[in-house]
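Chemist: First, the structure itself, so that you have it in front of you.
The values are calculated or read from the model by the stated rules, or taken from the named source; none is laboratory data. This one's a predicted model, so the numbers in the text were calculated from it and none came from an experiment. Cβ coordinates were reconstructed from backbone atoms using ideal geometry, including for glycine residues, and neighbour counts include every protein chain displayed. Quick note on the areas: whole protein, heavy atoms, side chains included, nothing else; ligands and nucleic acids left out. Shrake-Rupley method; radii C 1.70, N 1.55, O 1.52, S 1.80 Å.
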Amino acid sequence: MDIEEALKELESETNVRFARLLKIAEMFFGKPRNRGTSHYPFKMPWQGEPRINLQKGKGGKAKSYQVKQVKVALLKLRDMQNGEDNE
């Protein structure tokens, strides 16, 4: 899966399963730094925002604002890979 495919899969921000969002985040950003809590924070390849800190929502769904976090991070990663990072 590439970044474009991941972004397409995350288009519906309110209908994404938490397990799938976690898998996508792991695919691009590595394993989360989970220490036995319900939170799944990821180490980003840059300093500052955007950051990803996932937590399972009701009914096994991902929280919509966290889907947005992953989408923004994927866009920044894509820009970095294309040499378009403006920082």
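Chemist: Does residue 49 fit the bill of being open to solvent by 50 Å² or more (accessible area, probe 1.4 Å), under 22 Å from residue 5 (Cα atoms) and free of Cβ contacts under 8 Å to residues at least 24 places away in the same chain?
Modeler: no
Chemist: Mind checking which residues of region 31-40 are open to solvent by 30 Å² or more (accessible area, probe 1.4 Å) and not charged (D, E, K, R)? Outline the logic, then answer.
Modeler: The first filter runs over region 31-40 and keeps only residues open to solvent by 30 Å² or more (accessible area, probe 1.4 Å), leaving 31, 33-40.
Result: 34, 36, 37, 38, 39, 40.
Chemist: If I ask for residues that are farther than 18 Å from residue 1 by Cβ and small (Gly, Ala, Ser), which ones from region 58-80 would you list?
Modeler: Hits for region 58-80 are 59, 60, 64.
Chemist: List the number of the failed condition for residue 18; all other conditions in (1) out of contact with any Gly (no Cβ under 8 Å at 6 or more places or on another chain); (2) of a type outside the set (Val, Ile, Thr); (3) crowded, with 17+ Cβ neighbours inside 10 Å hold.
Modeler: (1)
Yes or no, residue by residue, for (1) over 13 Å from residue 74 (Cα atoms); (2) part of a helix (DSSP H, G or I); (3) of a type in the set (Asp, Glu):
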{"residue": "4", "(1), (2), (3)": "no, yes, yes"}
{"residue": "11", "(1), (2), (3)": "no, no, yes"}
{"residue": "15", "(1), (2), (3)": "yes, no, no"}
{"residue": "20", "(1), (2), (3)": "yes, yes, no"}
{"residue": "31", "(1), (2), (3)": "yes, no, no"}
{"residue": "36", "(1), (2), (3)": "yes, no, no"}
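Chemist: From the list 27, 44, 80, which one is surrounded by 11 or more Cβ atoms within 10 Å (Cβ to Cβ) and at pLDDT 95 or above? Walk me through it before giving the result.
Modeler: Working: 44 fails: at pLDDT 95 or above; 80 fails: at pLDDT 95 or above.
Selected residue: 27, the only one of 27, 44, 80 that is surrounded by 11 or more Cβ atoms within 10 Å (Cβ to Cβ) and at pLDDT 95 or above.
Chemist: Exactly one of these conditions fails for residue 55: (1) open to solvent by less than 60 Å² (accessible area, probe 1.4 Å); (2) under 21 Å from residue 4 (Cα atoms). Give me its number.
Modeler: Just one mismatch for residue 55, condition (2).
Chemist: May I ask you to list the residues in region 1-15 that are within 16 Å of residue 81 (Cβ to Cβ) and surrounded by 15 or more Cβ atoms within 10 Å (Cβ to Cβ)? Before you say what the answer is, go through the steps one by one.
Modeler: Step one: of region 1-15, the residues within 16 Å of residue 81 (Cβ to Cβ) are 1-7.
3, 6, 7, listed by residue number.
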